[in-house]
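The structure under discussion appears below in the form of C-alpha cells.
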Amino acid sequence: MKRIPLGERLSEQPDHTLVGVIKMPETSVSPMRSIVKRVLGALLALLATVLIVYLDRDGYRDANGDGLSFLDSLYYSTVSLSTTGYGDIAPATSSARLVNVLVITPLRVLFLIVLVGTTLEVLTERSRQAFRIQKWRHKVRDHVVVVGFGTKGRASVKTLLGDEDVEPNQIVVVDTDQQALDAASALGLVTVHGSATRSDVLRVAGVQRARAIVVATNRDDSAVLVTLTARELAPNAHIVASVREAENVHLLKQSGANQVVISSETAGRLLGMATSTPLVVDMVEDLLTPESGLAIAERAVEPSEEGGSPRHLPDIVLGLVRDGELYRVDAPQADAIEPGDRLLYVRKVTQAERIES
C-alpha cells in the first residue's frame, strides 16, 4: 500500500493514490474462466497478426525465396509475438517494416501481457481499482459508514444486511486492522484503511454524504472523538455509538450521537435475566436476530389504518413514531394513528427471507 506523505490530507489526494486505502469489493471469477479469457485474448492477438502479415505477404522476404504462404505467416507471427525471432522471415519493404513497428510490436506487447504479464497484471489491477474508486467516490450517497469491524461492528453489519433495502456496496467499513478489513471485503463491503479519528479518513469514506454512521470502536474515548469528528462533517447523519461504560453516555450525546448503546450494561442485563428467566432472554435474542423467527421492524401506516388504534391491528405493535418521537403503544399519544406515523411492530421472518439471508 502506498504511503501518503505526512501532513497531506487523504481527501485531497488523487484517486489513484487511494488504492490500498479504499478497497472495492471484488467479483469472484473462477481460475479456469480467467485462464480461458487469457488464452482467447492471446489467440485473437495472434490471429490479427497472421492476417496483417498474410495480407501484406509481398512485403516480406523468406530465406527460401518462394514467398510467404498462410502457414509461413502463421509461423512468422508466432515466433515474432513470442519474441523468438529466428530471422528466416523478415519484412523487406518500407510498408511492411512500418506495419511491424506500428501494429505488430503493440500486438507483441499485448500478447506478452495476456500470457506472462504477472507484474503488469498487478499494475492493471491497480488501474482498475483506481477507476472503480473514482466512480464510487463520485456516486456514493445515502450509505452507512461502520467504524470498527470487531464483534460489535460485525454484528451491526449483519443486522444491516438483514434489511432487504440495504445492499453490501452501501456499507463502508473503516478500520485500522487489515485482517478485519479483509473479512469485511469478503462480504462485499467497501473498506477504508485508516483511523476514523482523522477527519480526512472519514471524508474518504464519504461520511459527509452518509445517511447513518455506526461507531463501534473498542474504546470509549475513541468513540467520543470519532463521533465528534463525524458530527462536524455530517450534521444531518444519524449517528449511533456504542460505549462500554454508562458514565460516558453523556459525552457521546454531547459529541453529537443520536443514540448511544451501552454494550456492557445491555449484556449484563441479559446475563441477569438468564439466571431467572432464560426463556425471556431467548425471546429477546430472537427479536434482535433479523434473519430468523421474529424481528422488530418499522413500517409506514396504511391509509386504512389512520384514525384507528395501533392496539387493534393484526400486527403486534410495540410503539408509534410521530415527528421523530417514539411513543409506546400504551402512551396516550398512541391512542389514534395519524397520517405520517410509523409503526414499530413484531414481524415474522418468512422461510423465503431466511433462504435469501
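Readers should treat all values here as calculations from the given coordinates under stated rules, not as data from a laboratory. Keep in mind that this is a model prediction, so the values were computed, not measured. Ideal geometry is used to build each Cβ from the backbone, glycine not excepted, and the neighbour counts take in all protein chains shown.
Points to keep in mind about this one:
- For V329, V79, the sequence from fewest to most other C-beta atoms within 10 Å is V79, V329.
- Scaled against the 2.2 N^0.38 Å expected of a compact globular protein of N residues, the Cα radius of gyration of segment 141-265 reads 0.94.
- Loop-located GluC sites (Glu not before Pro) in segment 187-252 (DSSP state not H, G, I, E or B) with no more than 15 neighbouring Cβ atoms inside 10 Å: E245.
- Packing here is the average count of other Cβ atoms within 10 Å per residue, and on that basis the peptides 181-192, 306-317, highest first, run 181-192, 306-317.
- 14 Å beta-carbon shell around L270, net charge (K/R +1, D/E -1): -3
- For the pair segment 300-344 and segment 139-216, the centres of their Cα atoms are 32 angstrom apart.
- With θ taken as phi - 60° and the Karplus curve 6.51 cos²θ - 1.76 cosθ + 1.60 applied, the whole-hertz 3J(HN,Hα) list for segment 143-148 is 9, 10, 9, 10, 9, x Hz, x standing for glycine and proline.
- Distant alpha-carbon pairs in segment 212-357 (separation over 18 angstrom), percent: 68
- Virtual spin-label span in nm between L294 and A246, 7 Å along Cα→Cβ: 2.6
- Peptides 262-273, 217-228 ordered by average Cβ neighbours within 10 Å, highest first: 217-228, 262-273
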